[in-house]
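Data block below; observations after.
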Amino acid sequence: AAVAAAIQLRPFGLADEAIEKGLQSVRWPARMQRLDGTMWTGALPPRSEVWLDGGHNPAGGQALAQTLADLDEKSPKPVCLVVGMMGLKDAAGFLQPFAGLATRMVTVPIPGAHEKPHEPEDLARVGASLGLRAKAADSVQAALAEIGKDGQAPTRVLICGSLYLAGHVLALDAGVAQQSN
């Protein structure tokens, strides 16, 4: 939409180079955002990656699974999911595209959620019903530590399933204390 709007501004002096520069420097938090630093990768094997995306519906699951498959073609690594989802979301529909792609899933609660989330244990059962090796953890950090126990091979971790969870992770990344609602 932004590109389409920018193209409409060409007659007013917006050059194609400006549009291209804007696309190269755009930042969209919680949309396949790479998280760096020991808070995220410290419990994982060296050269592991941690990604964050707020995707939470079946179409989002398909898009994320395709993105991970594309990354895997360029740089193969086992894919692990850290998932927290709101209770009204279609968990099976979201997770289905990851079956056969993700080697592991660890489910987490969503601190500060404004509505009732899926309980991590229930979400893990949904994942298991789809053939995912799934386990519940108490927090994102505990989930990363659990994934880190799997071995020494570099891993690609995607934290996903909720914009509330993504907001929580971004707040942790920025050093912001959890707010109660």
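The values are calculated or read from the model by the stated rules, or taken from the named source; none is laboratory data. Values in this document were obtained by computation on a predicted structure and should not be read as measured data. Methodologically, a virtual Cβ is constructed for each residue, glycine included, from the backbone with ideal geometry; neighbour enumeration extends over all protein chains shown. All accessible areas refer to the heavy atoms of the entire protein, side chains included, with ligands and DNA or RNA removed. Shrake-Rupley method; radii C 1.70, N 1.55, O 1.52, S 1.80 Å.
Mean separation of Cα pairs under 8 Å and 6+ residues apart, divided by the residue count of segment 1-76: what relative contact order is that in percent? Don't jump to the answer; show the numbers that get you there.
Details: 36 pairs, mean separation 15.3, N = 76.
Across segment 1-76, relative contact order equals 20 percent.
Enter the accessible area of His118 (Å², nearest 10), with the probe set to 1.4 Å and all protein chains included.
Looks like 40 Å² after rounding.
Name the lysines eligible as straight-distance cross-link partners of Lys89: C-alpha to C-alpha under 24 Å, and not fewer than 8 places from it in the same chain.
Hits, sequence-local ones excluded: Lys116, Lys135.
Let me know the charge dipole size of segment 84-159 about its Cα centre in debye, to the nearest 20, where only the beta-carbon of Lys, Arg (+1) and Asp, Glu (-1) is charged.
Details: 8 positive and 8 negative charges, 50 e Å.
Taking the Cα centre of segment 84-159 as origin, the dipole is about 240 debye.
If you take the charge dipole of the chain about its Cα centre, with +1 on Lys and Arg Cβ and -1 on Asp and Glu Cβ, which of Ala92, Met105, Leu165 is farthest toward its positive end?
Most positive-ward Cα: Met105.
Compute the FRET efficiency between Trp28 and Val3 as 1/(1 + (r/R0)^6), taking r as their Cβ-Cβ distance and R0 = 22 Å, and round to the nearest 0.05.
Numbers: r = 13 Å, r/R0 = 0.61.
Computed FRET efficiency for Trp28 and Val3 comes out at 0.95.
Quick check: residue separation of Arg10 and Lys74 times 0.36 nm, minus the Cα distance between them. What number comes out in nm? It would help to have the intermediate numbers written out before the result.
On the way: separation 64, 0.36 × 64 = 23.04 nm, distance 3.60 nm.
Full extension from Arg10 to Lys74 adds 19.4 nm.
Using each residue's phi in segment 88-99, evaluate 6.51 cos²θ - 1.76 cosθ + 1.60 at θ = phi - 60° and report the 3J(HN,Hα) Karplus result to the nearest Hz, with x for Gly and Pro.
8, 7, 7, 4, 5, x, 5, 7, 3, x, 8, 4
Solvent-accessible area per residue for segment 80-181 at a 1.4 Å probe radius, Å²? Present the calculation step by step, with values, prior to reporting the outcome.
Numbers: 4540 Å² over 102 residues.
Roughly 44 Å² per residue, with all protein chains present.
Amide H of Ala136 versus every other amide H placed in the peptide plane: which residues, excluding those fewer than 5 positions away on the same chain, fall under 5 Å?
Thr107
Quick one: work out the % antiparallel among DSSP beta bridges in segment 1-144, nearest 5. Before the final figure, lay out the partial values.
Values: 4 of 12 bridges.
Given both bridge residues lie in segment 1-144, the antiparallel proportion sits at roughly 35 percent.
Quick one: length gained pulling Gln62 to Arg133 fully straight, 0.36 nm per residue minus the C-alpha distance? Intermediate results must be reported in sequence, preceding the final value.
Details: separation 71, 0.36 × 71 = 25.56 nm, distance 1.89 nm.
This chain segment gains 23.7 nm when fully extended.
If the viscosity is 1.567 mPa s and the temperature 4 °C, what Stokes-Einstein diffusion coefficient in µm²/s follows for the chain when Rh is the Kirkwood radius over Cα pairs? Show your work: numbers first, answer last.
Working: Rh = 17.2 Å.
Approximately 75 µm²/s, per Stokes-Einstein.
Counting only protein heavy atoms and a 1.4 Å probe, tell me what percentage of segment 57-181's accessible area is made up of carbon and sulfur.
Numbers: 3090 of 5840 Å².
So the carbon and sulfur contribution to the accessible surface is 53 percent.
Rounded to the nearest 500, what is the 222 nm mean residue ellipticity of the chain from helices alone, with -39500 (n - 2.57) per DSSP H run of 4+ residues and division by all residues?
Working: 8 runs with 74 residues, N = 181.
Estimated from H runs of four or more residues: -11500 deg cm²/dmol.
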